[in-house]
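One structure, as structure tokens, below. Some questions next.
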Amino acid sequence: MKISALFKLTIVLVMGLATLAHSQSNYPAKPIRLIVAYAPGGAVDSVGRKLALSLGELLGQQIIVENRPGVSGNIGSDFVAKSQGDGYTLLFAPSTLIANPLVIKSKPSFDLKTDLVAISMVTSGPLLMVVNASGPASVQDFVTKAKANPEKFNFGTGGYGAAGHLSAEYFKLLAGVRGVPVILYKGTAPALTDIIGGTLSAMMEPTLSAMQLVRSGKLRALAITGAKRDPLFPDVPTFAEAGFQGMEFSTWYGVWGPVTIPVGLQRRLAEGIKTVLDSADFRNWLAERGYEPSAISGAAFATFLDNESKRYERIVKDGNIKPE
């Protein structure tokens, strides 16, 4: 009886492994859902949809973008974390994902390190410090005036813990303008509207969402957080050129999945994303919006996330940022 039971168990295990191997070799056999944890129309959604289209063409299956916004991306992220790890439900999210545990009072019901697996980074790009068209003429001018009258100046952010928020807090520390508040808006659009209207002083904003407003003259870009000038804004100095060393900051986007996704599928997805990012079409699309491809995956992506998380922790601590 014992031998028979063991034999049956062995058969079940072998069949299970065979089924798993077949499902991986046949992947993807049906459409994939890419959960974008933010509302349609923003920078995250725009890049996510472009990736879904290009990767879907490469894999030979449709990748359907599903927006699940809310709680700075935690609703969509939680949905993916609790999904089946078969490779058919993936998450597309920005840097905010790793900042959320530090700045949100109601902690997410999932653990980023134990419930999700980082598959691949996709792209990154610098942020522009933008002000009203009639505002300060330079970063130094902004700092001088803000130090003299801090109550008359403020920063805006469309997301608590987003790159625009943390980079603004970091700049306040570097420039010594701690008394200037950062106001949280329900999205980027109303914040940009208030800068144009003159009720908000400044924002740190990704090039994708600030580009047209700067080019049209409705906003003025004082500096960019990249290590070098951006070809899209050749006249905008880096923060280092403006006299503020160490103000290199980026917004970035990546793909995650449930931690139970087999390693083989993780690698296949990462390889597919890298192939997409190596294509001239995708690279040109990113460049036109101020982004660079960044196809680091696996352990390298995990290491990057750890380093970013530590950096965010320092900003939150030094800036005395309270969870909200």
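So what is the 222 nm mean residue ellipticity for the chain from helices alone, if each DSSP H run of at least 4 adds -39500 (n - 2.57) and you divide by all residues, rounding to the nearest 500 deg cm²/dmol?
Taking each H run of at least 4 residues, the total per residue is -14500 deg cm²/dmol.
Can you pull out the trypsin sites (Lys or Arg not before Pro) in the range 201-265 that DSSP calls coil and that have at most 11 other Cβ atoms within 10 Å?
Lys228
Moving on to the next point. Report the calculated FRET efficiency for Lys274 and Lys228 (r = Cβ-Cβ distance, R0 = 22 Å), to the nearest 0.05.
Computed FRET efficiency for Lys274 and Lys228 comes out at 0.35.
Assigning unit charges at the beta carbon (Lys, Arg +1; Asp, Glu -1) and nothing else, what dipole magnitude in debye, to the nearest 20, does the chain show about its Cα centre?
The calculation lands at about 520 debye.
Here's a follow-up. Scan (1) 19.2, 58; (2) 19.8, 81; (3) 22.0, 87 for the value of Rg and Dmax of the Cα atoms in Å calculated from this model and give just the label.
Answer label, from the structure shown: (3).
I would also like to ask the following. How high is the relative contact order of the range 127-224, in percent, with contacts defined as C-alpha pairs under 8 Å that are six or more residues apart?
Relative contact order comes out at 50 percent.
Relative to the first principal axis of the alpha-carbon coordinates of the chain, what is the inclination of helix 188-197, with its axis defined by its Cα atoms, in degrees from 0 to 90 and to the nearest 10?
Approximately 10 degrees, to the nearest ten.
Under a Cβ-only charge scheme (Lys and Arg +1, Asp and Glu -1), can you give me the dipole magnitude of the range 127-224 about the Cα centre, in debye to the nearest 20?
Here the range 127-224 has a charge dipole of around 100 debye.
Over all directions, how big on average is the projection of the convex hull of the alpha-carbon atoms in the range 127-224, in square nanometres?
Its Cα hull, projected and averaged over all orientations, spans 5.2 nm².
Please check which bits of the range 132-164 a label hung off Glu324 would reach, taking the label as a point 7 Å along Cα-to-C-beta and the cut-off as backbone N under 15 Å.
The answer is 154-164.
Please report the spacing between the Cα centers of the range 34-100 and the range 164-209 in Å, no decimals.
Taking the Cα centre of each part, the range 34-100 and the range 164-209 sit 26 Å apart.
With N denoting the number of residues in the range 225-315, provide Rg(C-alpha) divided by 2.2 N^0.38 Å, to two decimal places.
Ratio of Rg to 2.2 N^0.38 Å for the range 225-315: 1.32.
Another question, then. Could you give each residue of the range 217-225 its phi-based ³J(HN,Hα) in whole Hz, using Karplus coefficients 6.51, -1.76, 1.60 with θ = phi - 60°, and x for Gly or Pro?
x, 6, 10, 10, 8, 8, 6, 10, 7
Would you please name the trypsin sites (Lys or Arg not before Pro) within the range 48-145 that are DSSP coil residues with at most 10 other C-beta atoms within 10 Å of their C-beta?
Loop-located and lightly packed - Lys105.
Do the alpha carbons of any pairs in Lys147/Lys322; Lys50/Lys274; Lys152/Lys218; Lys228/Lys274; Lys218/Lys317 sit beyond 26 Å of each other, and which pairs?
Table pairs above 26 Å Cα-Cα are Lys218/Lys317.
Now a separate question. Report, to the nearest 10°, how far helix 139-148 tilts away from the longest principal axis of the Cα atoms in the chain, using its own Cα long axis and a range of 0 to 90°.
70
Could I ask something else about it? Less than 11 Å from a label point 7 Å out along the Cα-to-Cβ axis of Ala39: which backbone N atoms in the range 177-214 qualify, by residue?
In the range 177-214, the label zone of Ala39 (backbone N under 11 Å from the point 7 Å along Cα→Cβ) covers 186-191.
Let me ask something additional. Counting only residues 5 or more places away or on other chains, whose amide H sits under 5 Å from the amide H of Ala93 once H atoms are built in the peptide plane?
Excluding prolines and chain starts, which carry no amide H, the hits are Gly254, Trp256.
Residue by residue through the range 125-130, what is 3J(HN,Hα) from phi via Karplus (6.51 cos²θ - 1.76 cosθ + 1.60, θ = phi - 60°)? Round to whole Hz and write x for glycine and proline.
Result, rounded to whole Hz: x, x, 10, 9, 8, 10.
Quick note: the coordinates plus some simple rules give every number you see, no bench work behind them. Note that the structure is predicted; figures quoted are calculated from it, not measured. Don't worry about glycine lacking a Cβ; one is built from the backbone with ideal geometry, like all the others, and counts go over all protein chains shown.
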